[in-house]
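First comes the structure, then the notes that go with it.
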Amino acid sequence: MCHNADFDHPESESAMKDEGPDALPLAIVLKAAPDIGHYAADPLQSWQDLTTMADFVRPMLGITAENWQFARQRLGDRTARIALACILQRFSAIRNPGAYLRRLTLVEDFRPGPMVMALLRSADPARG
């Protein structure tokens with residue numbers, strides 16, 4: 001019996017979690033959480049750029065490599081990176097970013113959309 005070995009790897013599982021109707025456009029994520037772009041030499045224009053910046057700022061937030069790997073496996077790469085950008089955006093209000101990220105990984109079927117939308121609402125002066 002032949003099977004697709006890719007499905008045996010956590011990376012494939014996390015990639016599958018990143019797809020779906022709740023996929024957020026990068027532009028919306030960056031509008032909601034622009035602070036991550038401040039660490040880049042050039043404007044972030046791709047998910048790979050966000051990946052690079054997430055990997056760069058993660059240790060500055062005090063998120064351990066183990067906690068980050070767990071979040072990526074549990075949430076999926078894209079969702080984990082969106083969550084990290086949102087955590088960075090609210091860094092002054094989050095006492096322990098590593099614990100906060102770990103908590104998000106425990107939420108059943110976590111989706112970053114509400115987190116991103118809350119940041120958008122809080123940044124919109126018309127909504128007050």
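Values as computed for the structure displayed
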quantity	calculated
Filter result (touching a residue at least 12 places away in the same chain (Cβ under 8 Å) and over 12 Å from the mean Cα position of the chain (by Cα)) within the stretch 107-117	Met117
All positions within the stretch 63-78 that are closer than 16 Å to Glu108 by Cα and open to solvent by less than 10 Å² (accessible area, probe 1.4 Å)	Ala71, Gly76
Cβ-Cβ under 9 Å pairs, at least 6 apart or on other chains, the stretch 79-95 side closer than 12 Å to Val57 by Cα, far side among the polar types (S, T, N, Q) and assigned to a helix (DSSP H, G or I)	Arg81/Thr51
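The values are calculated or read from the model by the stated rules, or taken from the named source; none is laboratory data. Quantities reported herein were computed from a predicted structural model and do not represent experimental measurements. Cβ: placed from backbone, ideal geometry, glycine included. Neighbour counts: every protein chain shown. Accessible surface is based on the protein model in full, side chains and every heavy atom, while ligands, DNA and RNA are left aside. Shrake-Rupley method; radii C 1.70, N 1.55, O 1.52, S 1.80 Å.
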